[in-house]
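Quick note: the coordinates plus some simple rules give every number you see, no bench work behind them. No experiment lies behind these values; they were computed from the predicted model shown. Cβ atoms come from the backbone with ideal geometry, glycine included; neighbour counts cover every protein chain shown.
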Amino acid sequence: MLLFISNFKKNSIVMSFLVVVFLFSVYNAIIIITSPPIDITSAPNPNLENFIIAEEYIFEKKDTPVVIAGSSISKTMVNEIIIDDNNFWNLSFSGSTPQQSLYLISKSGTRPKIILIEIGWSVLNGADNKKDIDAMTDPRLCALKRLLPAFRRKYQPAAVINDFVNKHIFKFRKIDKNEIQEIIPEPSAYKVGMNNYMKLSESRPYGKIDSTLRGMSHLVHELEKRKIKILFFETPMDKKLAETDAINRIKQNALMYFPADLYAWISPPSDHGFVTTDGVHLTHASACKFFDYLKKETELRTRCGI
Amino acid sequence: MLILSTAFVLFTVIVFGIYYIPQLRNYQVYILIIASLFFYYYNNPLDVIILLISIAVNTIISYEIHMHKRHALLFAVLGIVANVLILSLFKYNSIISHALSLGQIFSNKAVKHIAVLSLPLGISYFTFQGISLLVDSYRQTMGVTDETIRIRTFSSHFINSALFLSFFPKQSSGPIITAHKFFPQLEFKFFQTIDWQTTFKYIIGGLFLKFVIADNLKDYTFWMRYPEFTVLSSIDLIMLMYGYAFQFFADFAGYSLVAIGIGYLFGYTLPINFNYPYIATSCSDFWSRWHMSLSSWLRDYLYIPLGGNRKGTIRTSINLLLVMLIAGAWHGGTLNFLLWGIWHGIGLAAGRILKRLFGFRSRNSPLLTLIKIIIIFHFVSIGWLFFKLPEAAHVYAYIASISKNIHIRSNMKLIIPMVLYSSLIVIYHAHYFVKNSPKLTFLHRFDFVLYGLLLFLILLNKGDENAFIYFQF
């Protein structure tokens with residue numbers, strides 16, 4: 001047939017596609033048969049980790065009763081390490097606002113009993129990427145990923161190799177919650193983080209605060225129609241940051257959209273024993289302590305026996 | 001419309017379909033011009049005006065050069081000045097508006113308008129191609145070169161020049177093709193003569209470099225931002241610097257390969273832009289392997305006219321420094337780009353002097369070659385810091401942090417995957433040394449396995465989409 005093979009050499013294009021089909025079939029079969037246990041925490045970078053957490057929620061954890069919607073600040077309560085309770089799934093994404101998590105829950109059509117929404121600096125995080133969530137929750141793509149798990153992000157060949165290298169060559173062990181001890185934060189990192197947040201506050205980002213909270217309120221109202229209970233929480237932070245103009249403005253505006261007489265608010269515990277690495281992000285030990293507190297407060301305020 | 005986006009693929013398929021309809025063969029050039037202008041319009045409607053101005057200026061002046069041999073030099077100089085002015089207005093608008101506001105010649109409103117001008121897509125590329133059209137027309141008119149730019153009537157020259165300056169596959173970030181190489185290719189194209197094999201290899205190779213290597217590495221090199229990097233360990237910082245060097249190569253070489261592949265689809269051969277750049281053993285070797293279409297443009301239209309290496313060591317060094325300074329300024333109007341140009345200018349000049357001093361005595365042993373490769377790779381990688389970081393002070397802080405942060409523990413979670421992705425680029429470069437080995441020629445028969453594997457990785461290991469780094473220039 002002259003049309004397409006006029007100057008092909010030994011049909012190597014067709015052969016290349018056959019190689020792809022062969023490799024993909026073998027790889028997919030291996031994934032289905034062995035289901036390699038990839039640690040979410042070993043995801044090579046925060047961006048990929050976000051995708052894996054989201055896909056894990058869509059494919060494995062969609063019936064979890066309590067979902068945490070937040071950012072890297074809440075993400076310190078790491079799934080499957082610090083959150084060792086099957087009733088909770090932390091759907092927090094680094095670099096995003098909680099709006100991103102709410103949008104995912106809304107698009108995926110799931111109905112958790114409770115959503116815990118982080119309110120704090122994350123309101124000021126970068127633009128959310130609805131396009132990725134739309135693609136991820138597309139029913140046809142979801143069906144394809146169920147059928148062919150090799151398409152799931154956690155099974156990317158590089159992620160699988162990375163997990164293998166971590167476990168078997170460098171012998172990295174998954175952190176055990178019971179062994180976590182408090183650390184003293186690196187002073188220079190702490191200073192860099194504090195300066196960043198102080199600068200952010202000084203930039204008076206009032207427009208961003210309002211637009212994010214407005215977007216969140218639309219999603220909250222939509223999710224409430226599904227009879228999902230919404231709770232808000234704040235995480236402990238450095239005293240200086242807690243008194244900044246930006247954080248006060250975030251709290252004030254949030255209370256306007258989500259008044260305390262209509263929504264339960266979980267304030268940070270009065271105990272100041274929490275340690276952060278940069279003024280805002282909790283250390284592993286403090287994140288453990290905070291999760292226990294959050295869990296207790298959630299049970300107390302909802303009385304729904306999660 | 002980002003190149004490689006779904007919209008771009010659809011656009012290319014439609015244009016390709018129309019282009020090869022036999023009944024429309026006489027209109028192939030027109031089809032490509034309309035498609036290219038649409039591609040440009042889709043990105044930013046206002047940018048089309050700038051492109052059309054550039055086409056008009058360069059067509060009229062190159063035509064005048066052809067028609068008036070006596071005044072050819074005057075027209076050529078006028079044309080080059082016009083091109084440089086247009087480019088400078090957009091590229092250095094903040095500097096120009098600042099200077100104008102100090103001089104108080106123009107109203108504040110006019111100055112503000114200049115300050116907010118956005119950079120039209122690919123202006124740096126079509127400006128250099130415009131200059132090439134003028135210089136090649138001049139050289140041809142003066143009998144210095146053969147007649148490659150055939151000028152019959154003004155209208156046919158206008159159409160040919162319009163395609164030369166706007167051809168969409170190379171429009172965003174090159175490769176820069178010169179007029180004397182493009183114009184001879186203006187002829188009827190036939191579907192049957194498409195080199196599918198080469199097209200396929202270029203496009204798949206490019207997609208792999210961009211999607212699998214560059215788009216994944218960018219999620220790590222993201223940490224190279226001030227002040228966050230100041231708390232990373234020395235090893236992390238060095239690995240990030242290498243990672244960025246590999247990301248930059250994969251990003252730009254990936255784009256270039258795809259552009260060349262699409263060029264082939266439409267019957268045009270665009271110049272190769274990269275030739276194993278990180279195995280370079282000297283700065284001049286590096287520039288004969290990196291962004292080759294730019295470096296050859298700078299050599300042919302700037303370095304040689306300035307006197308090249310014919311006027312003694314000092315003059316050669318000054319020429320090299322000047323050319324690289326202009327190359328830096330071409331990339332952008334910030335101090336960092338100028339410093340990057342000076343960095344490479346010094347490297348080139350020092351390389352020449354060292355070669356004069358020691359070149360004839362040194363033998364090229366494999367160990368010495370390896371040492372040279374390592375030195376040049378580090379030299380180039382440090383230079384990329386001027387691209388990655390927005391301020392010279394940040395580059396200084398980065399290098400200072402490398403020497404200060406030895407006590408901080410390195411983050412293996414960051415290093416392992418970066419090594420994984422970077423190693424593919426290292427393997428690609430190592431391939432240079434064995435590619436012509438007679439013992440391995442039988443492997444060429446199994447190229448399809450390699451391309452199948454690349455496609456497999458594109459399918460399953462694609463990173464998060466990101467614009468090409470070079471689009472900003």
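Numerical summary
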item: Folded to 0 to 90 degrees: helix A:245-257 orientation relative to chain A principal axis, Cα; result: 80
item: Cα principal axis extents for region B:136-209, largest first, Å; result: 45, 27, 21
item: Gain in span if fully extended, A:ILE161 to A:ASN11, counting 0.36 nm per residue against the direct Cα distance; result: 50.8 nm
item: log10 of Debye I(q)/I(0), alpha-carbon scatterers only, for region A:150-291 at 0.13 Å⁻¹; result: -0.86
item: Cα-based helix-to-principal-axis angle, A:46-59 vs chain A, degrees rounded to 10; result: 80
item: Average Cα contact separation per residue, chain A, under 8 Å, 6 or more apart, as relative contact order %; result: 22
item: Computed E for B:PHE446/B:THR313 - FRET, C-beta separation, R0 41 angstrom, nearest 0.05; result: 0.25
item: Farthest positive-ward along region B:104-233 dipole, Cα basis, beta-carbon charges - from B:PHE128, B:TRP223, B:VAL111; result: B:VAL111
item: Projected label distance in nm at A:SER188 and A:ILE169, using a 7 Å step from Cα toward the beta-carbon; result: 2.8
item: Estimated dipole of region A:224-281 in Debye, rounded to 20 [Cβ of Lys and Arg +1, of Asp and Glu -1, Cα centre]; result: 380
item: Which listed pairs, of A:LYS130/A:LYS227; B:LYS218/B:LYS435; B:LYS218/B:LYS439; A:LYS130/A:LYS229; A:LYS113/A:LYS208, have C-alpha distances above 32 Å, in listed order; result: B:LYS218/B:LYS439
item: Size of charge dipole - the protein assembly as shown - debye, nearest 20, with Cβ of Lys, Arg +1 and Asp, Glu -1, no other charges; result: 1820
item: Sorted largest first, extent of region B:1-134 alpha carbons per principal axis (Å); result: 59, 45, 19
item: Placed amide H near A:VAL275: partners under 5 Å, 5+ positions off or other chain; result: A:THR283, A:SER286
item: Charge dipole (the protein assembly as shown, unit charges on Cβ, about Cα centre) - positive-most of B:GLY17, A:LEU147, A:PHE22; result: B:GLY17
item: Rg/Rg_ref, chain A, where Rg_ref = 2.2 N^0.38 Å and atoms are Cα; result: 1.14
item: Taking all pairs of distinct alpha-carbon atoms in region B:72-184, Kirkwood radius in angstrom; result: 15.7
item: CD proxy at 222 nm, helix term only [per DSSP H run n ≥ 4: -39500 (n - 2.57); per residue of chain B; nearest 500]; result: -21500 deg cm²/dmol
item: Estimated inter-spin distance, A:GLU179 and A:LEU262, nm [label 7 Å along Cα→Cβ]; result: 4.8
item: Ratio Rg/Rh, restricted to region A:91-169 and using Cα atoms, in which Rh is the Kirkwood radius; result: 1.05
item: Solvent-free Debye scattering, log10 I(q)/I(0), computed from the Cα coordinates of region A:22-68 at q = 0.21, 0.28, 0.30, 0.33 Å⁻¹; result: -0.89, -1.04, -1.05, -1.07
item: Kirkwood Rh, angstrom, chain B [1 / mean 1/r, Cα pairs]; result: 24.1
item: Rh by Kirkwood over Cα pairs, then Stokes-Einstein D for region A:1-133 at 1.567 mPa s and 4 °C, µm²/s; result: 75
item: Cα centroid separation, region B:386-450 to region B:238-286 (Å); result: 14
item: Projected label distance in nm at B:GLU465 and A:ASP210, using a 7 Å step from Cα toward the beta-carbon; result: 3.2
item: Estimated FRET transfer efficiency (A:GLU202, B:ARG409; beta-carbon r; R0 22 Å; 0.05); result: 0.10
item: Among A:ILE180, A:ILE81, A:ILE119, residue whose mean-square fluctuation peaks in a GNM of chain A (springs only between Cα atoms under 10 Å); result: A:ILE180
item: Kyte-Doolittle mean at least 1.6 and Cα axial length at least 30 Å: DSSP H helices in chain B; result: B:366-388
item: Hydrodynamic radius (Kirkwood) for the protein assembly as shown, which is based on Cα pairs only, to one decimal in Å; result: 29.5
item: Anisotropy class of region A:198-275 from Cα gyration tensor, a/c 1.5 cut; result: oblate
item: Inter-chain shielding of B:226-233 (mean C-beta neighbours from other protein chains, 10 Å cut-off); result: 4
item: Gain in span if fully extended, B:SER288 to B:ARG356, counting 0.36 nm per residue against the direct Cα distance; result: 22.6 nm
item: Shielding by partners - mean other protein chain Cβ count within 10 Å, residues of A:188-195; result: 3
item: Electrostatic dipole magnitude of chain A [Cβ: Lys, Arg +1; Asp, Glu -1; Cα centre; debye, to 20]; result: 960
item: Cα long-axis angle, helix A:98-108 against chain A (0 to 90 degrees, to the nearest 10); result: 50
item: Residue-averaged beta-carbon neighbours from other chains (10 angstrom radius) around A:153-160; result: 4
item: Across B:LYS413/B:LYS462; A:LYS62/A:LYS239; A:LYS167/B:LYS201, pairs whose alpha-carbon gap is larger than 31 Å; result: A:LYS62/A:LYS239; A:LYS167/B:LYS201
item: Estimated FRET transfer efficiency when R0 is 35 angstrom, pair A:VAL21-A:ARG140 (beta carbons, to 0.05); result: 0.95
item: Relative contact order of chain B, pairs being alpha-carbon contacts under 8 Å that are 6 or more residues apart, as %; result: 18
